[in-house]
Amino acid sequence: MKTVYLLLLFFGIAACAPVLQPRPADSFGENYQEFAKRLVWQDYDSAAGFMAQDYRHDFQEKFPQRGDIRILEIRPEEVLFEDPEQQRAVCLLRIDYYRLPSNTLKNLKIRLEWEFREKGWKIVSPFPDLP
């Protein structure tokens, strides 16, 4: 009788295993927050690590080392997962920034596409210009 209970317990746990596996969407918020934090702290080299290889150089060109861009805040307005596996997401963001020597605060809404890859979430769209 103990064997039957052990088998039922084993199969019960095995049936729940797919439910317990983390989904890519579960780690999206962490990645987005880290990317946003790097931009606000002007750690553009680390922020570039979130860009897919195709867009990394262009991103680094937009944030030169001279530091004329100051991003104050990045707020997500909407995140839409595009596929049932939740491995692609579109994130609509609102960025508050200013470009030196001006001190006029600008506000821009941008759209970034993210994709879950082997090493985590990457941005697979170009980062827009900050006028």
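Here, each number is a calculation from the coordinates, and none is a lab measurement. Note that the structure is a prediction, hence the values are computed from the model and not measured. Neighbour counts run over all protein chains shown; Cβ positions are idealised from the backbone, glycine included.
Among E115, E77, the order by Cβ neighbours within 10 angstrom, fewest to most, reads E77, E115. For region 98-112, putting each phi into the Karplus relation 6.51 cos²θ - 1.76 cosθ + 1.60 with θ = phi - 60° gives couplings of 9, 10, 5, x, 6, 10, 7, 6, 10, 10, 9, 9, 10, 10, 10 Hz, in residue order, rounded to whole numbers and with x for Gly and Pro. Computed from the C-alpha gyration tensor, the three semi-axes of the ellipsoid equivalent to region 29-123 are 24, 16, 10 Å, from longest to shortest. Our coupling estimate for region 115-128, obtained by passing each phi through the Karplus curve with A = 6.51, B = -1.76, C = 1.60 and θ = phi - 60°, is 9, 7, 10, 3, 9, x, 7, 10, 7, 10, 9, x, 7, x Hz, Gly and Pro reported as x. Rounded to whole Å, the principal axis extents of the Cα atoms in region 81-128 read 44, 19, 13, largest first. In a reduced charge model with +1 at each Lys and Arg Cβ and -1 at each Asp and Glu Cβ, region 29-123 shows a dipole moment near 460 debye about its Cα centre. Of the residues E73, E78, the one with the fewest other Cβ atoms within 10 Å heads the list, and the complete ranking is E78, E73.
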